[in-house]
Amino acid sequence: MKWPDIHHVLILQPENPDADSVASALTLEEILGDARITTTIYSYVNTPSYLGYIKGHDRITEEFPNKFDATIIVDTVTASLLEHTLTGNRLSAIQQKPVLILDHHPTTNDLPLPHAEYYTGGEGAVSTGQVVYKLALEQGWSINQTAATHIVESMLADTLGLTTEPVDAQAFRDVASLLE
């Protein structure tokens with residue numbers, strides 16, 4: 001992923017936010033912020049109160065920015081999960097700029113964004129947070145302690161504490177590495 005002249009990134013999450021989408025968005029905010037890129041995390045709906053334990057959730061806004069250079073969508077490739085977000089002026093603005101979709105779900109991309117890049121991190125990712133982690137390692141991006149915490153939060157949430165079937169040894173290695 002090479003995007004020249006990117007100064008402000010819009011980060012979108014599904015209209016049914018969960019711990020993986022919230023923590024993944026906040027991870028990107030940390031990583032991109034350390035690279036001196038401004039971010040706006042947008043959600044069409046309020047973050048559910050049960051996700052209040054995720055530090056930074058209050059920075060997610062329902063105000064769509066007027067100006068941004070690129071969009072990153074986390075934790076969905078399903079149009080029905082962004083049906084209100086990707087309409088009208090918002091859709092038009094997003095379609096005119098680079099879009100990167102980060103997701104671990106094995107679902108066909110039906111978003112109305114034919115030019116979007118889609119990155120899954122390869123097989124075996126148990127959460128979108130782990131996908132962000134793989135991308136950060138590939139790109140040589142710095143992962144600060146707050147970003148590492150958010151990645152672990154996303155992995156633990158989407159796997160019920162690393163207990164679900166898709167969890168493999170790599171998931172445990174990634175969590176251990178991030179905790180160190």
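The values are calculated or read from the model by the stated rules, or taken from the named source; none is laboratory data. Predicted model only: the values in this text are computed from it and were never measured. Don't worry about glycine lacking a Cβ; one is built from the backbone with ideal geometry, like all the others, and counts go over all protein chains shown. Keep in mind that these areas ignore ligands, DNA and RNA; they rest on the heavy atoms of the full protein, side chains included. Shrake-Rupley method; radii C 1.70, N 1.55, O 1.52, S 1.80 Å.
In table form, for the structure just shown:
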read-out	value
Any hit, the range 125-134, residues being in contact with a Ser or Thr (Cβ under 9 Å, 6 or more places away or on another chain), outside any helix (DSSP H, G or I) and small (Gly, Ala, Ser)	yes
Top-ranked residue in the range 114-132 [being out of contact with any Leu (no Cβ under 7 Å at 6 or more places or on another chain) and free of Cβ contacts under 8 Å to residues at least 40 places away in the same chain; ranked as nearest to Glu180 (Cα to Cα)]	Ala125
Selection from the range 133-167 of residues that are touching a residue at least 24 places away in the same chain (Cβ under 8 Å), closer than 18 Å to Asp103 by Cβ and not hydrophobic (A, V, I, L, M, F, W, C)	Tyr133, Gln139, His150, Glu153, Ser154, Asp158, Thr159, Thr164, Pro166
Within the range 85-124, considering residues that are of a type in the set (Ser, Thr, Tyr) and open to solvent by 70 Å² or more (accessible area, probe 1.4 Å), the one nearest to the chain's Cα centre (by Cα)	Tyr118
Members of the range 57-78 found to be at pLDDT 95 or above and either aromatic (Phe, Trp, Tyr) or farther than 13 Å from Gln13 by Cβ (or both), listed by number	Asp58, Glu63, Phe64, Pro65, Lys67, Phe68, Asp69, Ala70
Failed condition for Phe68, given (1) open to solvent by 10 Å² or more (accessible area, probe 1.4 Å); (2) of a type in the set (A, V, I, L, M, F, W, C); (3) more than 21 Å from Ser142 (Cα to Cα)	(1)
Of residues in the range 1-58 being acidic (Asp, Glu) and free of Cβ contacts under 8 Å to residues at least 60 places away in the same chain, the one nearest to Gln95 (Cα to Cα)	Glu29
Residue that is farthest from Asp110 (Cα to Cα) [pool: residues in the range 8-63 that are surrounded by fewer than 17 Cβ atoms within 10 Å (Cβ to Cβ) and among the hydrophobic types (A, V, I, L, M, F, W, C)]	Ala35
